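Here's the structure, in structure tokens; my notes come after.
The values are calculated or read from the model by the stated rules, or taken from the named source; none is laboratory data. Since the structure is predicted, the reported quantities are computational estimates derived from the model, not experimental observations. A quick note on method: Cβ atoms are made from the backbone with ideal geometry, for glycine too, and the neighbour counts reach across all protein chains shown. Note: areas computed on protein heavy atoms with side chains; ligands, DNA, RNA excluded. Shrake-Rupley method; radii C 1.70, N 1.55, O 1.52, S 1.80 Å.
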Amino acid sequence: MHPTPPAADPPPTSRNRLLHAGFLLVTGGLGLLSLATIGLLNTGFDALWAGMLMAVAPVPLYVALALWIDRYEPEPRRMLAYTFLWGATGAVFISLVLNTANGILLSALGLGELTAALSAPWVEEGAKGIALLALYAWKADEFDNVTDGIVYAS
């Protein structure tokens with residue numbers, strides 16, 4: 001069986017263009033806000049750059065793996081880009097806010113050292129998972145099988 005060419009994106013309507021622009025504006029803003037918050041308040045810019053380098057370095061491998069898994073029935077590239085952008089910006093911002101709040105709460109209870117174990121996994125994966133559920137509700141026709149869910153999640 002030969003791989004199928006990538007799925008074509010539908011022609012954009014003016015409403016779709018507005019939604020796409022809004023999504024890009026929101027995710028871009030959340031990404032910049034997250035970077036500024038981490039760089040200014042949490043780690044400093046030297047540690048921020050080192051962390052970004054370590055986080056971004058394996059991304060091409062992960063993207064290649066996801067595209068390889070999706071080679072027989074490719075998902076629309078725009079949908080893949082949106083899920084990637086959400087995971088890289090919106091989910092990071094939500095995680096930053098909620099993990100900070102949970103850290104303050106757990107510290108007040110004398111359990112601050114457990115924040116990474118009690119808050120981070122639930123908040124971070126939940127922020128990404130809720131977006132996948134929303135994508136499924138919005139574009140259920142793009143979820144044909146389990147592989148689609150794996151590809152969008154990765």
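This table checks each residue for (1) under 18 Å from residue 82 (Cα atoms); (2) surrounded by 10 or more Cβ atoms within 10 Å (Cβ to Cβ); (3) among the hydroxyl-bearing types (Ser, Thr, Tyr).
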position: 40; (1), (2), (3): no, yes, no
position: 46; (1), (2), (3): no, no, no
position: 49; (1), (2), (3): no, yes, no
position: 56; (1), (2), (3): yes, yes, no
position: 67; (1), (2), (3): yes, yes, no
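Taking the stretch 108-123, which residues are more than 19 Å from residue 43 (Cα to Cα) and in a helix (DSSP H, G or I)? Answer for the stretch 108-123, where residues must be more than 19 Å from residue 43 (Cα to Cα) and in a helix (DSSP H, G or I): 108, 114, 117, 118, 121, 122, 123. The residue that is modelled with the lowest pLDDT, counting only those in the stretch 119-154 that are under 23 Å from residue 64 (Cα atoms) and loosely packed, with under 14 Cβ neighbours inside 10 Å, is 144. Mind checking which residues of the stretch 83-95 are open to solvent by 30 Å² or more (accessible area, probe 1.4 Å) and over 8 Å from the mean Cα position of the chain (by Cα)? Listed by number, the residues that qualify are 93, 94.
Condition check: at pLDDT 90 or above, more than 16 Å from the chain's Cα centre (by Cα) and either over 30 Å from residue 137 (Cα atoms) or surrounded by 12 or more Cβ atoms within 10 Å (Cβ to Cβ) (or both). Does residue 107 satisfy that?
It is true that residue 107 is at pLDDT 90 or above, more than 16 Å from the chain's Cα centre (by Cα) and either over 30 Å from residue 137 (Cα atoms) or surrounded by 12 or more Cβ atoms within 10 Å (Cβ to Cβ) (or both).
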